[in-house]
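Before any comments, here is the structure.
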Amino acid sequence: LSAMQVLSLGWSTVPAAAVAVTVGITAIPAIAARAGLSTKLGSLLAAGTSICGVTAISAVAPAIGASQAEVAVAVANVVAFGSAAMLAYPHLAHALFPAGDSDSIGLFLGLAVHDTAQ
């Protein structure tokens with residue numbers, strides 16, 4: 001998408017995306033640490049969930065020296081939860097938003113489904 005396409009949806013999309021990414025990048029490593037996961041795995045999960053799924057994991061992994069096992073676990077989680085989201089979130093959006101509010105539904109689904117392939 002171009003910047004003009006994003007802004008044509010309204011300025012609210014930019015801060016909404018910024019907040020979603022910021023919360024994911026900061027909260028997921030903290031949750032991972034409390035769950036006893038490695039710092040690197042927490043970082044991969046944060047990148048994969050907050051940015052663009054497997055692509056972000058693939059970009060971050062060599063930069064932080066993640067092991068193949070950590071990458072595999074992060075990819076599996078992002079794909080599994082993303083697939084579940086593709087099935088569940090449209091029903092959730094239907095319950096949360098009025099049927100004619102396609103802008104809000106689109107923003108919700110665009111922010112909630114975290115893998116670009118999905």
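The values are calculated or read from the model by the stated rules, or taken from the named source; none is laboratory data. Nothing here was measured: the structure is a model prediction, and the numbers come from that model. To get the accessible areas, we keep the full protein, side chains included, count just its heavy atoms, and leave off ligands, DNA and RNA. Shrake-Rupley method; radii C 1.70, N 1.55, O 1.52, S 1.80 Å.
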Quiz item: Given only helices, namely DSSP H runs of n ≥ 4 each adding -39500 (n - 2.57), what is the per-residue ellipticity at 222 nm of the chain, to the nearest 500 deg cm²/dmol?
Solution: -24500 deg cm²/dmol
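So, with a 1.4 angstrom probe, what is the percent of accessible area on the chain that is carbon and sulfur?
Numbers: 4980 of 7100 Å².
So the carbon and sulfur contribution to the accessible surface is 70 percent.
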Self-check item: Tensor-based shape of region 51-118 (alpha-carbon gyration tensor, a/c under 1.5 rounded, otherwise prolate or oblate)
Solution: prolate
Quiz prompt | the chain, relative contact order [Cα under 8 Å, separation at least 6], % | solution = 24 percent
